[in-house]
Amino acid sequence: MPIYILSNTKIEGAKTLPLIEQKFLPISIDFSLYDYLIFTSKNGVRAIEQISHTWRLKPVISIGSATTKAIKKKGGKVVWQGSEGYGDTLANEIVAHFSNDKKYLYIRPKKVVSNLVPILRQNGFEIDEVIAYETVCRACDTVQKPEPGSVIIFSSPSTVECFFRCFAWDDSYKAVVIGKQTAQALPKEISYVMAEKKSLVSCVETAKTLLS
């Protein structure tokens, strides 16, 4: 039985079924106004690279390992990495470990599922947001429905939305989700297994256990 990742990200042991893609938005940022940058996705890094390289001079707060890897690959300096990969948890860690007399910029997608900004503002932090990209569904006629018996990895609420926009669920499918927010986006009648860690590698390892 094949394992499918619903994006272009290639992980050994899984096939790609790219149902989502990122659209980078035209933005302008004066990075000199900010003390820290916050990234919650490697797509934010890709988006900001489209407009300027000066962001690399600023200390960065990253949500997790994949985002940290993308930041460091471009020459950015990560001063904090979130412990769980969730925006709300990251916000609480910032409150606990950083000063609210500094100015923060959150490079974000058009649609967010966390309360990162409200939590920080409620704790007296000055934070601006810039919408740098949006995740959109690819046209359904460009992708082929997974064969019966497949394990489907849902790595974000967007992958859930785009999958069910194109396909009906086959009862022979098995679902693996990357985290709690993605699980909440699934139709309630579909059972799933959650990956041990919030990463695609962990999702694939979890999916492999469902093949036996």
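Read the figures in this text as sums done on the coordinates, not as results from a lab. Values in this document were obtained by computation on a predicted structure and should not be read as measured data. Cβ sites come from the backbone with ideal geometry, for glycine too, and all protein chains shown count toward neighbours.
What ranking do 70-78, 4-12 get when scored by the average of other Cβ atoms within 10 Å per residue, highest first?
Ranked from most to least packed, the peptides come out as 4-12, 70-78.
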Scalar couplings 3J(HN,Hα) for region 138-155 by Karplus 6.51 cos²θ - 1.76 cosθ + 1.60 (θ = phi - 60°), nearest whole Hz, x for Gly and Pro, are 6, 4, 5, 6, 9, 10, 10, 4, x, 6, x, x, 6, 9, 9, 9, 9, 9
Flagged as over-length at 26 Å C-alpha distance, from LYS58/LYS197; LYS23/LYS145; LYS103/LYS197; LYS73/LYS145; LYS23/LYS188; LYS111/LYS197, the pairs are LYS58/LYS197; LYS103/LYS197; LYS73/LYS145; LYS23/LYS188
Any residue on another chain or 5+ positions along whose placed amide H is under 5 Å from the amide H of VAL113 is listed here as none
So LYS110 and GLU21, fully extended at 0.36 nm per residue minus their Cα-Cα distance, gain in nm 30.7 nm
Calculated from DSSP helices alone, with each H run of at least 4 adding -39500 (n - 2.57) and the total divided by the residues of the chain, [θ]222 nm to the nearest 500 comes to -8000 deg cm²/dmol
One would report the antiparallel percent of DSSP beta bridges in the chain, rounded to the nearest 5, as 15 percent
Measuring from its Cα centre, region 138-197 shows a charge dipole (+1 at each Lys and Arg Cβ, -1 at each Asp and Glu Cβ) which, in debye to the nearest 20, is 220 debye
A student applying the Cα gyration tensor rule (rounded when a/c is under 1.5; otherwise prolate if a/b is larger than b/c, oblate if not) would label region 115-212 prolate
Listed by chain and number, the residues whose amide H is under 5 Å from that of MET194, excluding neighbours fewer than 5 places away on the same chain and using placed H, are VAL177
Treating only Lys and Arg (+1) and Asp and Glu (-1) as charged, each at its beta carbon, one finds that region 25-134 has a dipole about its Cα centre, in Debye to the nearest 20, of 500 debye
One quarter of the C-alpha convex hull surface, i.e. the mean projected area of region 25-134 in nm², amounts to 5.9 nm²
